[in-house]
1. Would you mention how many residues in the stretch 189-208 are surrounded by fewer than 19 Cβ atoms within 10 Å (Cβ to Cβ) and either under 30 Å from GLY81 (Cβ atoms) or touching a strand residue (DSSP E or B) at 6+ places or on another chain (Cβ under 6 Å) (or both)?
2. So SER148 fits all but one of (1) outside the structural domain of ARG287 (by TED's automatic domain parsing); (2) touching a strand residue (DSSP E or B) at 6+ places or on another chain (Cβ under 7 Å); what number is the exception?
3. Taking the stretch 237-270 as the search range and keeping residues that are among the charged types (D, E, K, R) and under 15 Å from GLU314 (Cβ atoms), which one is surrounded by the most Cβ atoms within 10 Å (Cβ to Cβ)?
4. Would you be able to tell me the number of residues in the stretch 163-196 that are part of a helix (DSSP H, G or I) and either hydroxyl-bearing (Ser, Thr, Tyr) or over 19 Å from GLU223 (Cβ atoms) (or both)?
5. Kindly provide the set of residues from the stretch 61-83 that are within 21 Å of ASN218 (Cβ to Cβ) and of a type in the set (Gly, Ala, Ser), ordered by number.
6. From TYR313, TYR219, which residue is touching an Asp or Glu at 6+ places or on another chain (Cβ under 7 Å), under 30 Å from GLY137 (Cβ atoms) and at pLDDT 95 or above?
7. How many residues are over 27 Å from PRO267 (Cα atoms) and assigned to a strand (DSSP E or B) if we restrict to the stretch 136-162?
8. Collect the residues in the stretch 76-119 that are within 24 Å of ILE51 (Cβ to Cβ) and among the basic types (Lys, Arg), keeping them in residue-number order.
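The values are calculated or read from the model by the stated rules, or taken from the named source; none is laboratory data. Keep in mind it's a predicted model, so treat the numbers as computed, not measured. Cβ coordinates were reconstructed from backbone atoms using ideal geometry, including for glycine residues, and neighbour counts include every protein chain displayed.
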Amino acid sequence: MSPIEKGCRAVWSFSLVALCIVVGPAAFAQGGFGDGRGSAPIEVTLNNSFIEAHKNRATADVADFLVDLAHDRPNPPSKDGDLHVAGRSATIGLPLVVELMNAKTKKPLVDLLNAREGSPDPVPLSGAWRLWPEHGGLDPQVQGDPVSPATTTNPEHVFELHPVTKVNGQAVLDTLKEIDGFTYKSAEDAFQRYESAPFQLRCDSDTTTFRTKMIGYNYVDFEVELLEDPTHVVADGLSLFANVRDPDDGELLVYKRRVWFVKGSGPYAVVAPLKAGDRIRVVGIPRINLSLISWRCANAERRPDVLQWALPYELVIVDTE
């Protein structure tokens, strides 16, 4: 077993450990791959080339984003303060939603995105790529299949740029900060859901397909305990392994998760000088860990059980407290 794969890693009370055992990957697999039984599974097929290109990146660049629909105005702070924009990109090849954090501070860009609704002129964007089964719907999504124009700002989708870091050439890294007026999700509740989610993989020569169930829980408040110095620096950010702890009492919730910090953001500046053993309180957004998916597929012939291991996820840090 890979050192970063330890089954159901959460260090919870006895009752939560039992929950992980009962509803984990083995239970999800009983219905068979792709038969639609069970708790409304979400099925997604990705190109292996896309997985390999993005598995160790914090962000993605989308030069060909076509705006279908945008919120007229950002969500109120009580509902997260984001601006949601639905559209299409041949680069991504999946239904795509982009979310600009703290959008009320970027009115000219809000106006620009609204003005581009239905336009054939693309808006180049960058942002933290986010593959997450929050609004996947019932129909399988296959990367590269035709994507119809969105008729709502929240179409069935599993891929987002969230948070956006650049719009039409303008950096918006300063929006990665506290959402004043929003109540973040509880760490204990959120990580219980992540750790107990079922997951299945099918690995083919050119594509990889996974099945899981719907999970929400964005913007989680927790504490990270660095397990290493922050030396894994790439062009657009840095990653590190950390223990996840309760932000109030320090209780260990999850052992050894990868977390990402976007280059140029406030959280990046905070973590860069820290050392192994340091702790910081953060707000993070979960996403599926493509590096672990790649590792599982590479080792599936030797270890078939990896195809049924628990949900592989990591977190992008969008604020430090």
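1. In the first step, residues of the stretch 189-208 are kept if they are surrounded by fewer than 19 Cβ atoms within 10 Å (Cβ to Cβ); the result is 189, 193, 202, 204-207.
Among the residues that remain, those that are also either under 30 Å from GLY81 (Cβ atoms) or touching a strand residue (DSSP E or B) at 6+ places or on another chain (Cβ under 6 Å) (or both) are: 189, 193, 202, 207.
Count: 4.
2. (2)
3. Of the stretch 237-270, the ones among the charged types (D, E, K, R) are 245-246, 248-249, 251, 256-258, 263.
Going one step further and asking which of them are under 15 Å from GLU314 (Cβ atoms), we end up with 256-258.
Values: LYS256: 15, ARG257: 25, ARG258: 18.
Per the criteria, the residue is ARG257.
4. Qualifying residue count for the region: 5.
5. Once the filter is applied, which keeps residues that are within 21 Å of ASN218 (Cβ to Cβ) and of a type in the set (Gly, Ala, Ser), the stretch 61-83 yields ALA70, SER78, GLY81.
6. Values: TYR313 fails: touching an Asp or Glu at 6+ places or on another chain (Cβ under 7 Å).
Within the list TYR313, TYR219, the selection yields TYR219.
7. Summing the residues that are over 27 Å from PRO267 (Cα atoms) and assigned to a strand (DSSP E or B) in the stretch 136-162 gives 3.
8. Looking only at the stretch 76-119, we keep the residues that are within 24 Å of ILE51 (Cβ to Cβ), and these are 86-99.
The one that is within 24 Å of ILE51 (Cβ to Cβ) and among the basic types (Lys, Arg): ARG88.
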